[in-house]
Amino acid sequence: MKVGAGSSVNVLNVNVGTLKRTSDNSVKVSNHDEPQSQSAADDKEKIEKALKIINMAYKKVNVECKYSIDKRTDMEVVEFVNSETGESIRQYPPEEILNMIHKMYDMYGIMMDKKV
């Protein structure tokens, strides 16, 4: 399923952080500006809730959102998949970037081995 010219897809904003207004009337996003004391279970619950909302929104156009952790780089990966065929539509970060980061990690390991 491809979305072409003339098609419209509504974008859904999912905010899993909280906004706080400070004394000087500025706004801070709590999940990026200060350390959190949340457990991994709380984080997993928020991710599952966000995925459920996203998947409900994209169900009409047969698109499913998947979340995973790349084993080689330990980075979070979000992938949009055609739910009928299982074909990957888009992935963030793209596979090429994950491969590049993995190679950089390997190079870093080689440099560290030479110094020791």
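What follows is calculated from the coordinates using simple rules that are stated; it is not laboratory data. Keep in mind the model is a prediction, meaning the values are calculated, not measured. Using ideal geometry, Cβ is built from the backbone for each residue, glycine included, and neighbour counts are taken over all protein chains shown.
Could you work out the relative contact order of the stretch 39-115, using alpha carbon pairs under 8 angstrom and six or more residues apart, expressed as a whole percent?
Details: 65 pairs, mean separation 13.5, N = 77.
Once divided by the residue count of the stretch 39-115, the mean separation gives 18 percent.
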> Simple spin-label model, 7 Å along Cα-to-Cβ: ASP43 to ASN55 in nm?
Replying inline: 2.1
> Given 25 °C and 0.890 mPa s, how large is the Stokes-Einstein diffusion coefficient of the stretch 39-115 in µm²/s, with Rh as the Kirkwood radius over Cα pairs?
Replying inline: 170
> If amide H atoms are built 1.01 Å from N in the plane of the peptide, which residues on other chains or at least 5 residues away come under 5 Å of the amide H of MET75?
Replying inline: ASP70
>> Under a crude label model (7 Å from the Cα following the beta-carbon direction), how far is ASN62 from ARG90 in nanometres?
In response: 1.9
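Using the beta-carbon distance between ASN82 and TYR105 and R0 = 30 Å, what value does 1/(1 + (r/R0)^6) give for FRET efficiency, to the nearest 0.05?
Working: r = 31 Å, r/R0 = 1.04.
Approximately 0.45, to the nearest 0.05.
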